[in-house]
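Remarks on the structure that follows.
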Amino acid sequence: MEVLNIIDIPTESKFYWWSHYYVQSISIDQGHIKLFFRFPEEYKNNNLVEVFQTKRKESLRKQFLEVYDIFESYGVRLYRDIEIEDTNYLSAGSLKQVPPDLLEHINITITQTGSNYKELSLKTGVTWEIDGVLYSDNEKVVEALAKISQLMNKYKYKETVKIIEYVRLLTMSPKDRMIFLGIAGICYYFLSDFEKAKSYYMDQLKLTERGDLKKVYPLDTILNRSASLGNIGIVYRIQGKLTEALKFFQHALDIYLEIGDKKGEAMLLTI
């Protein structure tokens, strides 16, 4: 933090480092990933607390989902939702407060923009964006996706598919649908309905080919693409179509090699 006072870096980068600074600790308790925060006493009842907590929670959740399947393949059972636990407020002077330029950035680009978008979307039923993340105002989508996650974590796949078939008819942002299709495919895979699983994986793969989506979410798109290719390959292998399986595995491997994802490469080579 002392270095940040010396070096002039972009405001967005400052946001990244300050959000880490206010994290006190992280723990994993019986599969639940929990975040603990600390803030200056002056920030009590200040919306800055929610802004920083949301940024770290979403960032951690995004990174976790990228490696969720790897943990799952090794029998490590973790819940997908990141929980925010205790928030401590330390006495004045114990922690540094955000600099004026970062405070202005948060107020203008996040707090005010998010509030305006949310108010508008409540009237229109569309999605809005806060800090680069799309959210849905459709309560049915939010509730259903949360329920899917809960049931999947409890391995209740037959109950999950009932919600999946309902959710697929609802309006979602392209990014949310891309992730949803992958989850739906996994659920049907565990139920041994391989054709249905492949159908969802194929739809996910088609969505990753959208140019606008690749431009806005380059990392999410490429990771979902490699995941769908690998999962389609697994289905073909189970069905005994080894030539087709190898083709999809090779495409997925090419992506992992291109982006330097050693974990993805290692996981794919063991299939």
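The values are calculated or read from the model by the stated rules, or taken from the named source; none is laboratory data. Remember, it's a predicted structure, so these values are computed and weren't measured experimentally. Please note: Cβ atoms are built from the backbone with ideal geometry, for glycine as well, and neighbour counts cover all protein chains shown.
Tabulated data for the structure shown
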{"read-out": "Search result, residues across segment 227-271 that are over 23 Å from LYS196 (Cβ atoms) and among the basic types (Lys, Arg)", "value": "LYS262, LYS263"}
{"read-out": "Filter result for GLN204 (farther than 23 Å from ILE70 by Cβ, touching a residue at least 12 places away in the same chain (Cβ under 8 Å) and either assigned by TED's automatic domain parsing to the domain that holds TYR68 or not hydrophobic (A, V, I, L, M, F, W, C) (or both))", "value": "no"}
{"read-out": "Only listed residue being closer than 20 Å to TYR200 by Cα and surrounded by fewer than 20 Cβ atoms within 10 Å (Cβ to Cβ), chosen from LEU246, LEU257", "value": "LEU246"}
{"read-out": "Unmet criterion (only one of (1) modelled with pLDDT of 85 or more; (2) more than 21 Å from the chain's Cα centre (by Cα)) for PHE52", "value": "(2)"}
{"read-out": "Check on SER19, closer than 26 Å to ASP261 by Cβ, small (Gly, Ala, Ser) and touching a helix residue (DSSP H, G or I) at 6+ places or on another chain (Cβ under 6 Å)", "value": "yes"}
{"read-out": "Any pair with Cβ under 7 angstrom, 6 or more apart, that starts in segment 214-226 at a residue that is assigned by TED's automatic domain parsing to the domain that holds ASP203 and farther than 15 Å from PHE64 by Cβ and ends at one that is among the charged types (D, E, K, R) and part of a loop (DSSP other than H, G, I, E, B)", "value": "none"}
{"read-out": "Condition check for THR208: within 22 Å of GLY75 (Cβ to Cβ), hydroxyl-bearing (Ser, Thr, Tyr) and buried (at least 19 other Cβ atoms within 10 Å of the Cβ)", "value": "no"}
{"read-out": "Some residue of segment 200-218 being touching an Asp or Glu at 6+ places or on another chain (Cβ under 9 Å), hydroxyl-bearing (Ser, Thr, Tyr), at pLDDT 90 or above and closer than 29 Å to HIS32 by Cα", "value": "no"}
{"read-out": "Any chance SER27 is of a type in the set (S, T, N, Q), more than 20 Å from LEU95 (Cα to Cα) and under 17 Å from the mean Cα position of the chain (by Cα)", "value": "no"}
{"read-out": "Given (1) modelled with pLDDT of 80 or more; (2) surrounded by 15 or more Cβ atoms within 10 Å (Cβ to Cβ); (3) not in a helix (DSSP H, G or I), number of the condition SER192 does not satisfy", "value": "(2)"}
